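**Student:** Below is the structure I would like to discuss, written out as structure tokens.
Values quoted throughout were computed directly from the atomic coordinates according to the rules given, and no laboratory measurement underlies them. If you're wondering where the values come from, they're calculated on a predicted model, not measured in any experiment. All Cβ positions, glycine included, derive from the backbone under ideal geometry; neighbour counts span all protein chains shown.
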Amino acid sequence: MILSWRNRRAHNNKMKNSHRLCEDLDAEINVPTHFRCPISLDLMKDPVTLCTGITYDRENIERWIEAGNETCPFTKQVLETFDLIPNHILRRMIQDWCVQNRSLGVERIPTPRIPVSQCEVSEVCSRIVGATRREDGKKCGELVRKIKSWGKESERNKRCIMENGTACILSASFESFARDSFEKHINLLVEILSVLSWMSPLGKEGRSKLGTESSLRCIIWLLRNGDLSGRQSAVLVLKEILHSDERRIITNTLRAIEGVVEALFFLIKEPISPTATKASLMAIYCMISSTTKNDMITSRFLEMGLVGVIVEAIVEADESVCEKALGVLDEICNTEKGKEAACNNALIMAVLVRKVLRVSEWATELSVSILWKLCDEESVRIEAIQVGTFKKLLVILQVGCGESTKEKVKELLKLLNVYNNRVDCCVDSSMGFKYLKKPF
């Protein structure tokens with residue numbers, strides 16, 4: 001299975017901060033009603049007018065239209081056209097009002113840039129194709145940086161860029177410049193990856209270009225030798241390549257490339273950012289789930305101590321990282337060597353039991369699945385009882401869970417019931433882990 005994880009916390013925090021700012025302004029001064037967006041009631045930064053004559057903040061009305069709505073939010077009229085006309089007069093009035101109230105802490109809103117058009121994106125893409133054919137790395141770099149600059153300006157620009165097939169063109173350019181001696185084009189290749197890192201999905205043709213041996217060698221080289229930004233871009237793109245139906249073929253190609261296991265392992269052991277950690281976990285999951293049980297890639301991860309590193313990461317991880325880490329651990333436990341490494345870890349039982357019913361429903365299901373796979377040995381079952389697994393399993397049945405998880409819980413209860421009355425629960429899984437001896 002391929003896990004699907006999406007993190008929306010950044011957007012929610014942004015909206016909370018925006019509302020908090022608006023509340024602070026209301027506490028000090030009275031913001032004119034016609035300066036507020038009818039959707040969010042916040043001060044407009046980029047006012048645009050619909051065909052109905054009502055003005056909204058661009059970001060809010062674009063989100064409304066993209067959600068599939070075909071009516072004006074205020075008048076409820078059906079929109080004859082979705083054209084958004086910039087309201088320059090109102091924007092200047094808002095800017096003047098901000099300047100007049102500067103003493104009260106109101107910052108002047110910047111003049112918004114004109115959104116990029118499909119024609120502009122298509123033109124630049126055509127020029128990239130031409131520069132790639134001529135092997136003109138300098139010109140290609142200039143054009144890629146232009147696309148990167150557009151993407152930084154707004155989410156709308158990013159959507160416009162992705163909708164015009166830019167990912168496929170950049171992937172083909174990357175593959176072309178990485179084919180020979182990629183070191184001389186390394187700055188260009190880093191720029192291309194930095195743009196591709198926020199393009200998802202890359203498309204089948206784009207993934208096929210990035211999935212060639214020459215492209216993958218360059219990506220792995222950057223994972224090992226690039227700066228922090230380059231390593232993050234590389235792992236994000238690698239995750240997208242692997243997170244597809246072609247992951248078995250990609251994994252077979254990666255098997256011949258030196259350093260891929262080490263590069264992904266150290267991104268988890270020595271994290272550079274939560275984004276890179278999550279991408280690394282997803283890449284590892286795709287690699288080990290598409291190989292045989294005794295594959296050299298899985299064995300290499302185990303030799304490096306992946307189980308211990310993941311267990312350590314789970315202890316203080318946020319929900320998204322925790323789910324991904326548990327997914328990798330669950331897949332590792334499908335192998336005999338993986339189960340042995342997990343059983344030899346002093347933290348794993350207490351960590352798994354602690355995460356049950358504390359993180360998310362998905363994390364609980366994964367934790368139960370791992371416990372079910374590990375409780376073959378008597379010593380493991382005794383340890384499970386000691387850290388309070390039996391009680392947690394009973395709670396899961398009371399709270400409710402999926403059918404597959406319920407069956408595993410019932411089997412575990414039968415296995416553990418034999419030891420429940422003769423083994424004292426000597427460790428409270430709700431406590432910290434400082435009393436446990438770490439495996440490394």
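**Student:** Would you mind checking the tilt of helix 166-178 against the longest principal axis of the Cα atoms of the chain, expressed as 0 to 90 degrees and rounded to 10?
**Tutor:** For helix 166-178, the angle is close to 70 degrees.
**Student:** Still on this model: Ranked highest first by average number of other Cβ atoms within 10 Å, how do 190-196, 180-186, 232-238 line up?
**Tutor:** So the peptides 190-196, 180-186, 232-238, ranked by packing, come out 232-238, 190-196, 180-186.
**Student:** Something else now. Could you run the Debye sum over the Cα atoms of the stretch 118-290, one equal point scatterer each and no solvent, and tell me log10 of I(q)/I(0) at q = 0.11, 0.14, 0.15, 0.20 Å⁻¹, two decimals?
**Tutor:** -0.41, -0.68, -0.78, -1.37
**Student:** Now, a different point. Run the numbers for LEU394 and ARG134: contour at 0.36 nm per residue of separation, minus the present Cα-Cα distance, in nm.
**Tutor:** 86.9 nm
**Student:** 222 nm [θ] for the chain, helices only, -39500 (n - 2.57) per DSSP H run of 4+, per residue, to 500?
**Tutor:** Helix contribution divided over all residues of the chain: -19500 deg cm²/dmol.
**Student:** For the stretch 118-179, what number results from the quotient of the Cα radius of gyration and 2.2 N^0.38 Å?
**Tutor:** 1.05
**Student:** I'd like the GluC sites (Glu not before Pro) in the stretch 235-338 restricted to DSSP loop residues with at most 13 other Cβ atoms within 10 Å, sorted by number.
**Tutor:** Hits after loop and neighbour filter: GLU258, GLU316.
**Student:** Between GLU213 and PHE74, what is the FRET efficiency for a Förster distance of 60 Å, r being their Cβ-Cβ separation, to the nearest 0.05?
**Tutor:** After rounding, the FRET efficiency stands at 0.60.
**Student:** May I ask you to derive the FRET efficiency for TRP198 and VAL418 from their Cβ-Cβ distance with R0 = 45 Å, giving the value to the nearest 0.05?
**Tutor:** Efficiency, from the Cβ-Cβ distance: 0.25.
**Student:** Would you please give the residues with an amide H less than 5 Å from that of LEU79, counting only those at least 5 places away or on a separate chain, with H modeled from the backbone geometry?
**Tutor:** THR71, CYS72
**Student:** Relative to a virtual label point 7 Å from the Cα of GLU163 in the Cα→beta-carbon direction, which members of the stretch 105-126 show backbone nitrogen distances below 14 Å?
**Tutor:** Only 115-122 fall inside the zone, counting backbone N under 14 Å.
**Student:** Identify the trypsin sites (Lys or Arg not before Pro) of the stretch 70-160 meeting these criteria: DSSP loop state and at most 15 other C-beta atoms within 10 Å of the C-beta.
**Tutor:** LYS76, ARG108, ARG113, ARG134
**Student:** Extending each Cα 7 Å along its Cβ direction at ARG63 and ASN225, get the distance between those two points in nm, one decimal.
**Tutor:** 4.3
**Student:** With each label point set 7 Å from Cα along the Cα-Cβ vector, what nm distance links ARG113 and GLU361?
**Tutor:** Distance between label points: 4.2 nm.
**Student:** Which entries in LYS278/LYS391; LYS269/LYS324; LYS152/LYS324; LYS392/LYS414; LYS339/LYS410 show an alpha-carbon gap greater than 24 Å?
**Tutor:** LYS278/LYS391; LYS152/LYS324
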